[in-house]
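Student: Handing you a structure now.
The values are calculated or read from the model by the stated rules, or taken from the named source; none is laboratory data. Note that this is a predicted model, so its numbers are computed, not measured. FYI the Cβ positions are ideal-geometry reconstructions off the backbone, even for glycines, and counts take in every protein chain you see. SASA here: full protein model, heavy atoms, side chains in, ligands and nucleic acids out. Shrake-Rupley method; radii C 1.70, N 1.55, O 1.52, S 1.80 Å.
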Amino acid sequence: LTADKALTYTLADVISSKLLTGKIPNILKAIRFVPVAIQDELHSLKIVGDHVIDPKKDDFFIALATYRQFCKEQIKAAVRKGDADEAERYESIQNAVKIILNSTSYGIFVQENVHAGEGDVMVFSSNDPFESHQSVIEKPGPFFNPIIGTMVTSAARLVLAITESLLLRRGAVYAFCDTDSMAVPPDNVEEIQSFFQGLNPYPFQAELFKVEKYNFDEQGNLVDLKFLGISAKRYVLYY
């Protein structure tokens, strides 16, 4: 990648580039974002299942994930006791907590709401900013924070770049990937999971790279799946 003007990337993207290409970008300027204080108006809140979280003391995401794990354990206990109603109640709670986690860990920081009405908007790109006339207007959501949103996705790209780098060292390739997942050969699964496990932030044991259930046969062994991918927009077929 070359450009006549400076381009902005996160540190995670710079590290990803070094891992996969061996090259270091020419860094002209570095910007650091540093938290300075805790908001005075923060207060405890009660979420689904009457669980209380204090944002002044608790890490919101870790607290939610821990509560969800508690609900899963309660589901297992209820099943062992044969209490279907109790199992269903905790299943409902853990699903709700999962949605909250997915929304608050990324979605609310990049929320853009579409509003009817024409107007001129400023477009920021790698080139000079410019105005564009649009038939609808997008306005940021109440918790819009592009700094956090950018860091979350760049960190995910770094995790995938590290995984790809581990595969390349073993002479392996991946079939496809998403923002937080990658399809890899079964022989490389254990090494990849082990490599990232030290990053587990939770007070309970959790697989950071979870293997989906359709990767196992009836005896619980990893199977070598076949991949057929079709990119409709690019007219590419890869088997």
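Student: Please build a GNM for the chain, connecting alpha carbons under 10 Å apart, and tell me which residue among LYS98, LYS23, LYS226 fluctuates the most.
Tutor: LYS226
Student: Which helices, counted as full DSSP H runs in the chain, have an axial Cα extent of no less than 27 Å and a Kyte-Doolittle average of 0.5 or above?
Tutor: 146-169
Student: Decide, for the stretch 70-122, between rounded, prolate and oblate: order the square roots of the alpha carbon gyration tensor eigenvalues as a ≥ b ≥ c, take rounded if a/c falls under 1.5, and otherwise choose prolate if a/b is larger than b/c, else oblate.
Tutor: Cα axes put the stretch 70-122 in the prolate bin.
Student: Return the Rg/Rh value of the stretch 18-124, two decimal places, where both radii are evaluated on C-alpha atoms and Rh is the Kirkwood radius.
Tutor: Result for the stretch 18-124 is an Rg/Rh of 1.16.
Student: Further, regarding this structure: Accessible area per residue, 1.4 Å probe, Å², for the chain: what's the number?
Tutor: Using a 1.4 Å probe on heavy atoms only, each residue of the chain averages 76 Å².
Student: Looking at this model, which pairs from LYS76/LYS98; LYS98/LYS226; LYS56/LYS210; LYS46/LYS210 are more than 19 angstrom apart at the alpha-carbon?
Tutor: In this structure, LYS98/LYS226; LYS56/LYS210; LYS46/LYS210 lie more than 19 Å apart at Cα.
Student: OK, next. Hey, of (i) 22.5; (ii) 19.6; (iii) 15.1, which did the structure itself give for mean projected area of the Cα convex hull in nm² when calculated?
Tutor: Checking each listed value against the structure points to (ii).
Student: Which chymotrypsin sites (Phe, Trp or Tyr not before Pro) in the stretch 22-71 pass both tests, a DSSP loop state and at most 15 other beta-carbon atoms within 10 Å?
Tutor: Counting only loop positions with at most 15 other Cβ atoms within 10 Å, the chymotrypsin sites (Phe, Trp or Tyr not before Pro) in the stretch 22-71 are PHE33.
Student: Something else about it: From the protein chains alone at 1.4 Å, what is the descending order of accessible area for ARG170, ARG32, largest first?
Tutor: Numbers: ARG170 140, ARG32 200 Å².
The ranking, largest first, comes out as ARG32, ARG170.
Student: Taking the stretch 107-211, which GluC sites (Glu not before Pro) meet the DSSP loop condition and have no more than 10 other C-beta atoms within 10 Å?
Tutor: Values: sites: GLU112, GLU118, GLU131, GLU138, GLU164, GLU190, GLU191, GLU207; in loops: GLU207.
Counting only loop positions with at most 10 other Cβ atoms within 10 Å, the GluC sites (Glu not before Pro) in the stretch 107-211 are GLU207.
Student: What net charge is computed for the residues neighbouring LEU45, neighbours being all others with C-beta under 13 Å from the C-beta of LEU45, Lys and Arg scored +1, Asp and Glu -1?
Tutor: Here the charged neighbours net out to -1.
Student: For the stretch 114-175, state what percent of all Cα-Cα pairs lands in each successive 5 Å bin, counting from 0 Å until the bin that includes the largest distance.
Tutor: Reading upward from the zero bin: 4, 13, 12, 13, 15, 11, 9, 9, 8, 4, 1.
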